[in-house]
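Before any comments, here is the structure.
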Amino acid sequence: MSTPFLSVQNLSKRFQAPKGGEPLTVFENVSLGVEKGEFVCIIGHSGCGKSTILNILAGLDEPSDGAVIMNGKEVSGPSLDRGIVFQNYSLLPWLSALKNVTFAVQARFRSWNKKQVHDHSMKYLEMVGLADGAELRKPSQLSGGMRQRVSIARAFAIQPELLLLDEPFGALDALTRGSIQDELIRIWSGSDQTVFMITHDVDEAILLADRILLMTNGPYARVAESVQVEIDRPRERANIIHHPDYYDIRNHLVEFLATRSRALAGKQEGTEQSAPKVVRFGANAGAVIPSEKGSKPGARKRAVNGAD
């Protein structure tokens, strides 16, 4: 079996309690693999450690136990090979929207001249609907949704191998959210980028993901299930609800969040229980597959590109 592009191995995170009390184990023995070019969403209730896992993948936090291997190398500290979009924008307040993007692009593509950096940055700002003067405003002069779009444009523009998204569309209105989701899929489907995204929106996860990881409640949270979304691409939000698997997948996700995420919570004995259960629907329901990834997202992406 080939080694996945991103391998999370027995990851645990504990926080020391004040005055020598019992440490808080947020999650433990999280093990999973993500293939090159795959789009993975992770869902779970607040407090289960989703954002902490994402920060560890980004190199911004360290696990208490376990390791993250990306492209054959252990993740240790931040890298421009990994781009991240936070919930809270994380823009440099003294720079304009454009300069927030060019700052990152210059760091990523050091051999480019100023025009290349400017044109490339503007391309991504235009993709998220920020042009015609908005690119010259500082973050304090932009709405919350516009700031988030700058953050998204900056992450896209550096073209990372792994794109990490922490509820990136939460601050956007419904129309903008839909257009940015479409743009994300368009950019991803024309590249080899791998995406790991946190969301609380089950419909968004079904629309975007190849696979949805479901976490139990904390403490001692874990990834309990890996749900395959084998709905053909391209997916359109107006039509996806008519797919025969759509409501089966949706009902499974909602039922997990409503009941089983709590029922399955708690400390597990041993590491053999750390691998998530693979769940499939439709014609492939109950099929035995060699890994949790299942079908290759690259094949679906080529079909999208070939249809253009």
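The values are calculated or read from the model by the stated rules, or taken from the named source; none is laboratory data. For clarity, every value in this text was computed on a predicted model and none was experimentally measured. Heads up, the Cβs are rebuilt from the backbone with ideal geometry, glycines too, and the neighbour counts pull from every protein chain shown.
Being in contact with a Gly (Cβ under 6 Å, 6 or more places away or on another chain) and modelled with pLDDT of 95 or more: is that true of residue 197 here?
no
Which one is modelled with the highest pLDDT, of the residues in region 141-174 that are of a type in the set (Val, Ile, Thr) and under 30 Å from residue 72 (Cβ atoms)?
Ranking the qualifying residues of region 141-174, first place goes to 158.
With the condition kept exactly as written, say whether any residue in region 8-30 is farther than 24 Å from residue 217 by Cα, surrounded by fewer than 18 Cβ atoms within 10 Å (Cβ to Cβ) and either more than 15 Å from the chain's Cα centre (by Cα) or without any contact (Cβ under 8 Å) to a residue 24 or more places away in the chain (or both).
Taking region 8-30 as the starting set, the residues that turn out to be farther than 24 Å from residue 217 by Cα are 19-20.
Among the residues that remain, those that are also surrounded by fewer than 18 Cβ atoms within 10 Å (Cβ to Cβ) are: 19-20.
Add one more test, that the residue is either more than 15 Å from the chain's Cα centre (by Cα) or without any contact (Cβ under 8 Å) to a residue 24 or more places away in the chain (or both), and what stays is 19-20.
Yes, region 8-30 contains a residue that is farther than 24 Å from residue 217 by Cα, surrounded by fewer than 18 Cβ atoms within 10 Å (Cβ to Cβ) and either more than 15 Å from the chain's Cα centre (by Cα) or without any contact (Cβ under 8 Å) to a residue 24 or more places away in the chain (or both).
Confirm whether residue 249 is at negative phi, touching a strand residue (DSSP E or B) at 6+ places or on another chain (Cβ under 8 Å) and either modelled with pLDDT of 90 or more or in a helix (DSSP H, G or I) (or both).
Criteria met by residue 249.
Could you count how many residues in region 61-98 are free of Cβ contacts under 8 Å to residues at least 40 places away in the same chain and either crowded, with 16+ Cβ neighbours inside 10 Å or within 20 Å of residue 4 (Cβ to Cβ) (or both)?
Qualifying residue count, region 61-98: 6.
Within region 269-290, is there a residue that is among the hydrophobic types (A, V, I, L, M, F, W, C), at pLDDT below 70, touching a Gly at 6+ places or on another chain (Cβ under 9 Å) and not in a helix (DSSP H, G or I)?
Within region 269-290, one or more residues are among the hydrophobic types (A, V, I, L, M, F, W, C), at pLDDT below 70, touching a Gly at 6+ places or on another chain (Cβ under 9 Å) and not in a helix (DSSP H, G or I).
Restricting region 86-140 to residues that are part of a loop (DSSP other than H, G, I, E, B) and under 10 Å from residue 153 (Cα atoms), which is nearest to the chain's Cα centre (by Cα)? Reasoning before the result, please.
Of all residues in region 86-140, those part of a loop (DSSP other than H, G, I, E, B) come to 86-96, 109-113, 128-133, 137-138.
Right, trim to under 10 Å from residue 153 (Cα atoms) and you get 128-130.
Working: 128: 18, 129: 22, 130: 23 Å.
Ranking the qualifying residues of region 86-140, first place goes to 128.
Only one of 170, 178, 145 is in contact (Cβ under 8 Å) with a residue 12 or more places away in the chain, in a loop (DSSP other than H, G, I, E, B) and either within 23 Å of residue 277 (Cα to Cα) or within 20 Å of the chain's Cα centre (by Cα) (or both); which?
Only one candidate passes the filter, namely 170.
Please specify each residue of region 45-60 satisfying the condition of being within 12 Å of residue 75 (Cβ to Cβ) and free of Cβ contacts under 8 Å to residues at least 40 places away in the same chain.
Hits for region 45-60 are 55, 59, 60.
If you scan region 181-227, which residues turn out to be in a strand (DSSP E or B) and either among the charged types (D, E, K, R) or out of contact with any strand residue (DSSP E or B) (no Cβ under 6 Å at 6 or more places or on another chain) (or both)?
The initial filter retains those residues of region 181-227 that are in a strand (DSSP E or B), namely 194-198, 211-215, 221, 223-227.
Of everything in region 181-227, those that are in a strand (DSSP E or B) and either among the charged types (D, E, K, R) or out of contact with any strand residue (DSSP E or B) (no Cβ under 6 Å at 6 or more places or on another chain) (or both) turn out to be 211, 225.
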